[in-house]
1. Give me a count of the residues in the stretch 1-34 that are under 17 Å from the mean Cα position of the chain (by Cα) and in a loop (DSSP other than H, G, I, E, B).
2. For the stretch 65-104, what are the residues that are at pLDDT below 80, of a type outside the set (A, V, I, L, M) and under 18 Å from V36 (Cβ atoms)?
3. Give the stretch 57-99 a look and list any residue that's β-branched (V, I, T) and part of a helix (DSSP H, G or I), or say none.
4. So, in the stretch 10-24, of the ones that are without any contact (Cβ under 8 Å) to a residue 12 or more places away in the chain and charged (D, E, K, R), which residue ends up nearest to Y39 (Cα to Cα)?
5. Do we find that S35 is at pLDDT 90 or above, among the hydroxyl-bearing types (S, T, Y), out of contact with any Lys or Arg (no Cβ under 9 Å at 6 or more places or on another chain) and at negative phi in this structure?
6. Given the conditions (1) surrounded by fewer than 12 Cβ atoms within 10 Å (Cβ to Cβ); (2) modelled with pLDDT of 90 or more, and given that R62 satisfies all but one, which numbered condition is not satisfied?
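The values are calculated or read from the model by the stated rules, or taken from the named source; none is laboratory data. Model, not experiment: these values are computed from the prediction. Note: ideal-geometry Cβ built from the backbone for every residue, glycine included; neighbour counts use all protein chains shown.
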Amino acid sequence: MAYRELTVDASPHSSLVKILNRVRMLAGRLDARVSVVSYAWPRFSVSDLVTPNMLSGAEQERAVEKELVAAHSAFDEVFGSASVTAEWCSGIGNPDRALLGPVDKLDSQTG
């Protein structure tokens, strides 16, 4: 028996529900599990780096949190009652650590 898993980038954007619906249908056809990964981070401008503003940083973080909540709502809408096994992973920051952390851990155990 083959093990199939689809990993999907669900970073916040306007066509997310459409993408997740397609992935759900594909996973059903392939009898695959789905891992949905949604990461976002504040967008800084050059002026933000030159003259740091704590208020602006907090405001940007709230905006990113709001985007991630909307992405998670899209995930719940699409996979909430689906017969496909789906898992959600999200956070603020670069997703490399979340995605590659388990791989790095396995490498260190086998190396």
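1. Step one: list which residues in the stretch 1-34 are under 17 Å from the mean Cα position of the chain (by Cα), which gives 5-24, 33-34.
Those still in the list that are in a loop (DSSP other than H, G, I, E, B) too: 10-15.
The qualifying residues number 6.
2. G93, N94, P95, D96, R97, G101, P102
3. Restricting attention to the stretch 57-99, the residues satisfying the condition of being β-branched (V, I, T) are 64, 69, 78, 84-85, 92.
Those that are β-branched (V, I, T) and part of a helix (DSSP H, G or I): V64, V69, V78.
4. Here is the first cut: in the stretch 10-24, the ones without any contact (Cβ under 8 Å) to a residue 12 or more places away in the chain are 13-15, 18-19, 22.
This time we only want the ones that are charged (D, E, K, R), so: 18, 22.
Numbers: K18: 18, R22: 20 Å.
Restricting to residues being without any contact (Cβ under 8 Å) to a residue 12 or more places away in the chain and charged (D, E, K, R), the top hit is K18.
5. Working: at pLDDT 90 or above: yes; among the hydroxyl-bearing types (S, T, Y): yes; out of contact with any Lys or Arg (no Cβ under 9 Å at 6 or more places or on another chain): yes; at negative phi: yes.
Taking the combined requirement at face value, the residue satisfies it.
6. (2)
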